[in-house]
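The values are calculated or read from the model by the stated rules, or taken from the named source; none is laboratory data. If you're wondering where the values come from, they're calculated on a predicted model, not measured in any experiment. Cβ coordinates were reconstructed from backbone atoms using ideal geometry, including for glycine residues, and neighbour counts include every protein chain displayed.
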Amino acid sequence: MAENSGRSKEVDVQYISSICREISENINRVIVGKAGAVELLLVALLSEGHVLVEDVPGVGKTILARAAAASLGCSFSRVQCTPDLLPSDVTGVSVYDPVKGEFSFRPGPVISQIVLADEINRATPRTQSSLLECMAERQITVDGRTLKLPRPFLVIATQNPVEYEGTFPLPEAQLDRFFLRLRLGYPSEAEENTILERLQYDHPIEALEACTDPQTFTEMQNAVREVFVEDSVRDYIVRLTAATRRHPDVVLGASPRGSLALFRGGQSFAALRGRDYVLPDDIKHIAVSVLSHRLILKPESQLRGKAPEQVVQELLQTTPVKFEKLGEAT
């Protein structure tokens, strides 16, 4: 491993990279042609961050979540979001037991290791907000009682485009809780042909086996935090995030939570590539997925067809990496 000053522990990144490669190959058995999206999902998993998968129906959003849970050997639950879904349907509810003469808590689907909130933008704002505490604090509070959620814990929310009828756009505070946003897109004709061939008799998700276990993956999450981030790379993260707040097309830039997501994501991406140190290119690779959903553009910019992804790409081109001069001790 490389010798870098300032690192508290050595990280077995080769082991982490090897396990993640197995998980990626496992997921790719059921998700065709989306290796880049699977890699970003693994970055979020290692960073203990939640994922928003935004795309049209039928491109594999739900299967991606199920395949991730199966590959990690984690418990999995699904919440099908609808306008009549109540917060108690997500977190759980206390029910009076006449035999015991007391209330007993019936846990909701959110008490699981990987939770799929399917079509989250079809739930009302009140129900959407019930996920805020569990996403930020990894705990839920029901009837004055606080319950810790298991580790690893991840919310994968799917969302149809907001132009569709019957949807409630996620507020800024909710969007900011998501570590990154993915878009799968339509498969190519060759990929769609492969999908039809694989699904002719049965679905490969049913035969998917775990590549690791929750305890081992939790240890990997802890180890990734020891990946070395040099001062100039950390400075680049801060300046890139701050630049989103000054861009002329942006009315609301990324918060410090965006900086932390870039920092954690850079560590995870480096570990995936078998390195125990972060490069500026690691930050550039994940920046669009991590920052774009945190930006609110001015109405006139939206009318001109400007997209948050374009803003982040512009900032990547105009924000330089400032390396300090190497001293004799370096």
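I'm trying to understand the selection: among the residues of the range 88-110, which are hydrophobic (A, V, I, L, M, F, W, C) and buried (at least 20 other Cβ atoms within 10 Å of the Cβ)?
Val90, Val110
Please state which one of Val90, Val79, Val95 is part of a helix (DSSP H, G or I) and closer than 22 Å to Leu147 by Cα.
Every option except Val90 fails the conditions.
Mind checking whether some residue in the range 263-273 is surrounded by fewer than 17 Cβ atoms within 10 Å (Cβ to Cβ), touching a residue at least 60 places away in the same chain (Cβ under 8 Å) and within 21 Å of Leu42 (Cβ to Cβ)?
yes
Counting only residues that are without any contact (Cβ under 8 Å) to a residue 40 or more places away in the chain, part of a helix (DSSP H, G or I) and exposed (fewer than 15 other Cβ atoms within 10 Å of the Cβ), how many does the range 127-176 have?
Residues meeting the conditions: 1.
Please specify each residue of the range 274-290 satisfying the condition of being buried (at least 20 other Cβ atoms within 10 Å of the Cβ) and among the small types (Gly, Ala, Ser).
Matches in the range 274-290: Ala287, Ser289.
So that you can scan it fast, the table gives a plain yes or no per residue for (1) under 19 Å from Phe217 (Cα atoms); (2) modelled with pLDDT of 90 or more; (3) touching a strand residue (DSSP E or B) at 6+ places or on another chain (Cβ under 8 Å); (4) not in a loop (DSSP other than H, G, I, E, B):
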residue: Lys9; (1), (2), (3), (4): yes, no, no, no
residue: Ile16; (1), (2), (3), (4): yes, yes, no, yes
residue: Leu52; (1), (2), (3), (4): no, yes, yes, yes
residue: Val99; (1), (2), (3), (4): no, no, no, no
residue: Phe103; (1), (2), (3), (4): no, no, yes, yes
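If you go through the range 111-126 one residue at a time, how many are surrounded by fewer than 14 Cβ atoms within 10 Å (Cβ to Cβ) and among the basic types (Lys, Arg)?
Going through the range 111-126 one residue at a time, the tally reaches 1.
Tell me, which residue of the range 241-262 that is surrounded by 17 or more Cβ atoms within 10 Å (Cβ to Cβ) and in contact with a Gly (Cβ under 9 Å, 6 or more places away or on another chain) is farthest from Ala37 (Cα to Cα)?
In this case the residue turns out to be His247.
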